[in-house]
Amino acid sequence: MTDVAFKDQMNEAGELLTADGVPLKQKLAITTRRARMRALLLTAPLIIFLVVSFVIPIGQMLFRSVYNAAGSNVLPNFAVSIQDWDEQGLPTEQMFEDFVKDMQLARKNRITGKTVGNLATRVNYEIPGTRSLFTKSSRKLSKVTEGPYKEALIKIDKKWNDPGLWIALKRVTKDITPYFYLAALDYKYDEKGDIVAADELYQIYVSNFWKTLRLSATITFITILLAYPVSYLLSTLPLRTSNMLMILVLLPFWTSLLVRTTAWIAILQTEGMANDILVFIGIIGDDNRVQMIYNQTGTIIAMVHILLPFMILPLFSVMKTIPPSYMRAARSMGATPFTAFRRIYLPQTLPGLAAGTLLVFILAIGFYITPALVGGEDGLLISNLIAYHIQKSLNWSLGAALGTILLIIVLVLYWLYNKLVGIDKLSFG
Amino acid sequence: MDRSKIKPKHLIFATACLIVFLLTGSASVVIGFVFLFGTPMFFMNELPPYATIGERVWQYVYLTICTLIFVFLISPILIIIPLSFNAEPYFSFTEGMINFDPAAYSLRWYEDILTNGMQNPLATGAAWWSDMWENAQWILATRNSFFIAFVATVLATSLGTLAALGLSRPEMPYRSAITSLLISPMIVPLVITATGMFFFYSDIGLAKTYTGVILAHTTLGIPFVIITVTATLSGFDRSLIRASQNMGANGWTTFYKVIMPLILPGMISGALFAFITSMDEVVAVIFIADVEQRTIPRQMFSGIREQISPTILAVASILVAISIVLLTTIELLRRRSEKLRGLSQA
Amino acid sequence: MKITKFLASTVLGAGLLLGAAVANAGEITVVSWGGAYTKSQVEAYHKPWIAKTGNSIKSEDYSGGTAEIKAQVEAGNVTWDLVDLELSDAVRACDEGLLETIDASTLPPAPDGTPATEDFLPGTLHDCAVANIVWSTIFAYDKSKIANGPTTMADFFDLKKFPGKRGMRKGPKPNLEFALIADGVPAADVYKVLATPEGVDRAFAKLSTIKDSVIWWEAGAQPPQLLADGEVIMTTAYNGRIFNAVANEDKPFEIVWDGQILDLDLWAIPKGSKNKELAMDFLRFSTATEQLAKQASYISYGPARKSSGPLVGKFNGKDIDMGPQMPTAPANLKNAVQNDFEFWADNQDQLNERFNAWLAK
């Protein structure tokens, strides 16, 4: 009989209707969609902002790691014709003519980014020592007005007779290149165009990635060792005392990274306090003070100090929730303090431990400022190499390739963090 | 600098600094000693009567270790304060300082903050002040830092709060993906962010401008605002919104009268985080700022690299004082927030 | 691109207001290496030019390299008008189209009428740059700390004879040259040897013998500081910086000229400078015979013009004859190497990589 009572609010299909005659299901879907849109709209300005200020810049940088148009910018015609070359012997006369004319035009126009110098720099990455071959030859080429261009070019410098150079030029005039990733992984092209490992004396990147990972792991491990007891203490003390002590953790957290780095320079340098104290106590003599900074030791000490709060805070927030009665129960059932800790307490702190470990590790592998200031020569991390290529050597594509690899490592860890801990668990203080 | 040429205004500024720092400095020494020797006893929880001697010894060892770790955390920050009053251009305590010889202490590095870069540090009156305001390097850096941090904070807080309001709605779609995106500026290594911005901002003409630096700092401050504001909103009782609507309030009124007062502590602490992030940020500044936009951390960075002098320590001490003030503010806000939320739960 | 720019700018209108501060008319930005060197330029070039023309100069410091110029030119936002560049950087930047070309025939002739193109020392005029000084990298020690001090480059590498830390510039240049000279290669053959893989190995092997005792410096102001602080007992340095510490601060430093590497500093104008004409005027003014000679009385770098040589007198305000302090003084040139910019342009990237790999070991 209830069916009859709802009769007015139903359509032929037997669906419930709202007051304005729309099926309830549909109406609900509309309302939900609207609510979803409203929520999304609130976040939209920020998302748009971040896309412009953050996502596009990084995307563009990723693109730069595989895209380098120096070759085809300078040699537009040659870039097309050389692709038909079978890499046997030397390219054809037509290709040589294109090359010479492109070079002459580039020298005449001197457009920023499209000069012979840009091409020379690009080729020089792949075949070191060829820069001046291009710049010098281009000066002499201005006198060459007619063919045969092959002979003319080889007369200027017989290095142009080397097929390896032309194979490199064929590669370089393609805009999309894997070269910078090869270089970032300590590989290179040999003169036949095959991929081979770089000479051991010139390998720096892979070992630096490992060093960065190793140092970050060491630093993370030390922060765990230091943070665990302190967090435990903080979580067991009465609220008033632990709040007081928390200030000792939060003050460093709030203090400028540069201030803290400066402080460690003041303390650890050879004429600094740490050495003064060691000399005063008599552990070392005044004339053989210990080198504690401008090396890996300095980097580790300063970074542990800077990252320690990032380990303490998540550990503390997890430990706070563990009732002390569990441990007492274990003890009363006959467990030794160590067993009780290992079997009861430690497993419950694992979420906090995972959060802190991943966070500290992620932050550590991207560190730049502290290693740059106190790292000396052996304390430099991958970030410093990236900065070096962006700011000093100007091999921007290589810097971008190194950056992309670092970014991938970080994003994998970030994803893991999200899976294991959840990004919404992140908090400060 | 010639000792006899010190101006009264140097002294006013410097004495103020001295008073603050002697207080904090001496307090820190006392606190340090108390910690090192007294705290293990002080923290000692009452051990259960069945505790063995081994456990008692372990308890004492454990507390000593903890004390040492606290000393490790705090001492570098406090030590630079007395060091910044060194009369000598060194980074360590001189004999005279240890013996509390007044001559071994001086304010010369604080003066240097004011006068370094001035065209005519010997001028008097208004000329001196305007010269300092216009030309002293640290003053210029300070002005830049505050301007950039202020604008970046306002932007990050308004955009971030809005987004956090959206994120905390139960019907928010793709919540975790979007949160991950919004938090990512904190996770992506700064060098990568700065490099990307350097290329892109150069292309669109924003490199070497205040706009570029502000954009960068806003981006870096956003995750902090998102985290703190969503944390406040997570304890937010949504029935309050319905109650307000029930009583006839429209969306804006509900926001201003109900939501805003409750999330304000979260917003302010998010804003403070964003502010301090900008004040501390140097990598993006290195990559995308010009000398014109030089900030305090940038100035410190080149100072440390090129000609390290205790002026850096003096600046660092002032920054520590600022962080103490900010930390106190945050702590008070947190308590207020807890109180408010405690009320809403009751 | 336009749209994103517009968006970004409107969002941050407030920021733009300050960012787009318009430079005063008649102001150029001159960028140089800072410290005593910039000061000598300010005294000898900037002040007289400002007095003569009524324009103003904004002086900025940098620490070398072409990164900044490249970024500015490629971004189309050139804020530097004149830059003091090292030779290899000037040549490379010119090749890459980052600098304006400079017609050397428009430079003022010597007082006796000799055209500028003949008055400048050989190799000091380039397509895009005009040299103002000849400087050199030498090594110096504190004679109050070492009695019978080192006299040759070999001594610098001799840890037995002179134990203690050394300061060196962080980078392969010119340390590889120094290493070869110390290893017995005659100055004239240094680049011939270095052009071979064996030569590079030999240089690195020699450097390895002192690697553990080296403190690496980056900015020119650091080495005198390192010496003064006693952090090192000897250090490579730019000769003018050491001279400045001796003449102005009475430091007991002694320069060893054996194996010095001569190099040039050149004025260049970044392509697209907004004040090109003014910068050119300043460039012409500052590279005139009189100005170059005047600069040499403030810092011990040799003027790039022959006609300036005889005009160089005493150090400003003190009784120090500048002649013998110049890298180009005959007594100092006995075992000197002229920096080969082409070698470095060709091999810089590769040797930097190897140097970094070597450092990290």
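The values are calculated or read from the model by the stated rules, or taken from the named source; none is laboratory data. For clarity, every value in this text was computed on a predicted model and none was experimentally measured. Neighbour counts are summed over all protein chains in view; Cβ atoms, including those assigned to glycine, are modelled from backbone coordinates with ideal geometry.
Taking region B:172-185 as the range and being surrounded by fewer than 18 Cβ atoms within 10 Å (Cβ to Cβ) and either outside the structural domain of B:Ile214 (by TED's automatic domain parsing) or touching a residue at least 24 places away in the same chain (Cβ under 8 Å) (or both) as the test, no residue passes.
Filtered by the rule that a residue be crowded, with 22+ Cβ neighbours inside 10 Å, aliphatic (A, V, I, L, M) and out of contact with any strand residue (DSSP E or B) (no Cβ under 9 Å at 6 or more places or on another chain), region B:287-318 gives B:Ile288, B:Ala289, B:Ile296, B:Met300, B:Ile312, B:Ala314, B:Val315, B:Ala316. Listed by position, the helices (runs of 4 or more DSSP H) contained in region A:139-237 that have at least 3 residues being touching a residue at least 60 places away in the same chain (Cβ under 8 Å) and either more than 30 Å from A:Gly352 (Cβ to Cβ) or outside the structural domain of A:Leu402 (by TED's automatic domain parsing) (or both) are A:163-172, A:179-184.
The sole residue among B:Gly212, B:Gly235, B:Gly221, B:Gly196 that is free of Cβ contacts under 8 Å to residues at least 24 places away in the same chain and either out of contact with any His (no Cβ under 6 Å at 6 or more places or on another chain) or within 30 Å of C:Glu74 (Cα to Cα) (or both) is B:Gly196. Every test in (1) touching a Ser or Thr at 6+ places or on another chain (Cβ under 9 Å); (2) part of a loop (DSSP other than H, G, I, E, B) is passed by C:Phe285 save one, and that test is (2). The set of residues in region B:206-251 being at the interface with another protein chain (Cβ under 7 Å from one of its Cβ atoms) and touching a Lys or Arg at 6+ places or on another chain (Cβ under 9 Å) consists of B:Leu206 alone.
Taking the condition more than 16 Å from B:Gly196 (Cβ to Cβ) and outside the structural domain of A:Leu185 (by TED's automatic domain parsing), does A:Ala372 pass? Write out each step before concluding.
Values: more than 16 Å from B:Gly196 (Cβ to Cβ): yes; outside the structural domain of A:Leu185 (by TED's automatic domain parsing): yes.
Considered against the rule, which asks whether it is more than 16 Å from B:Gly196 (Cβ to Cβ) and outside the structural domain of A:Leu185 (by TED's automatic domain parsing), A:Ala372 comes out as yes.
The set of residues in region C:240-276 being outside the structural domain of C:Phe120 (by TED's automatic domain parsing) and part of a loop (DSSP other than H, G, I, E, B) consists of C:Asp250, C:Lys251, C:Pro252. B:Arg169 meets all of the listed conditions (1) farther than 25 Å from A:Leu62 by Cβ; (2) facing chain A (nearest Cβ under 8 Å); (3) in contact (Cβ under 8 Å) with a residue 12 or more places away in the chain but one, namely (3). Mind listing just one residue for me: the one in region A:371-391 that is under 14 Å from the mean Cα position of the chain (by Cα) and among the small types (Gly, Ala, Ser) and, of those, surrounded by the fewest Cβ atoms within 10 Å (Cβ to Cβ)? The extreme case among them is A:Ala387.
Looking at region A:41-55, can you tell me whether even one residue there is within 12 Å of another protein chain (Cβ to nearest Cβ), loosely packed, with under 13 Cβ neighbours inside 10 Å and without any contact (Cβ under 8 Å) to a residue 12 or more places away in the chain?
Looking only at region A:41-55, we keep the residues that are within 12 Å of another protein chain (Cβ to nearest Cβ), and these are A:41-55.
From what is left, the residues that are loosely packed, with under 13 Cβ neighbours inside 10 Å are A:41.
Filter once more, so that each one left must be without any contact (Cβ under 8 Å) to a residue 12 or more places away in the chain: A:41.
Yes, region A:41-55 has at least one match.
Only one of the numbered conditions (1) loosely packed, with under 14 Cβ neighbours inside 10 Å; (2) touching a residue at least 24 places away in the same chain (Cβ under 8 Å); (3) of a type in the set (Val, Ile, Thr) is violated by A:Ile58, and that is (1). Of the residues C:Lys274, C:Lys294, C:Lys334, C:Lys318, the single one that is within 14 Å of another protein chain (Cβ to nearest Cβ) and surrounded by fewer than 23 Cβ atoms within 10 Å (Cβ to Cβ) is C:Lys274. Spot the failing condition for C:Thr124; the list is (1) in contact (Cβ under 8 Å) with a residue 12 or more places away in the chain; (2) within 24 Å of C:Lys211 (Cα to Cα), and only one is missed. Of the numbered conditions (1) in contact (Cβ under 8 Å) with a residue 12 or more places away in the chain; (2) within 24 Å of C:Lys211 (Cα to Cα), the odd one out for C:Thr124 is (2). Here A:Tyr294 qualifies as at positive phi, modelled with pLDDT under 90 and not β-branched (Val, Ile, Thr). Condition first: crowded, with 21+ Cβ neighbours inside 10 Å and assigned to a loop (DSSP other than H, G, I, E, B). Now tell me which residues in region A:75-109 satisfy that. Correct list: A:Leu75, A:Pro91. Looking at B:Val151, is it in a helix (DSSP H, G or I), at the interface with another protein chain (Cβ under 9 Å from one of its Cβ atoms) and surrounded by 24 or more Cβ atoms within 10 Å (Cβ to Cβ)? In short, no.
Report yes if B:Leu264 is in the same structural domain as B:Thr295 (by TED's automatic domain parsing) and within 20 Å of A:Leu257 (Cβ to Cβ), otherwise no. Spell out the reasoning first.
On the way: in the same structural domain as B:Thr295 (by TED's automatic domain parsing): yes; within 20 Å of A:Leu257 (Cβ to Cβ): no.
Considered against the rule, which asks whether it is in the same structural domain as B:Thr295 (by TED's automatic domain parsing) and within 20 Å of A:Leu257 (Cβ to Cβ), B:Leu264 comes out as no.
Among B:Thr179, B:Thr193, B:Thr218, which is modelled with pLDDT under 95 and either under 17 Å from C:Glu68 (Cα atoms) or under 25 Å from the mean Cα position of the chain (by Cα) (or both)?
B:Thr179
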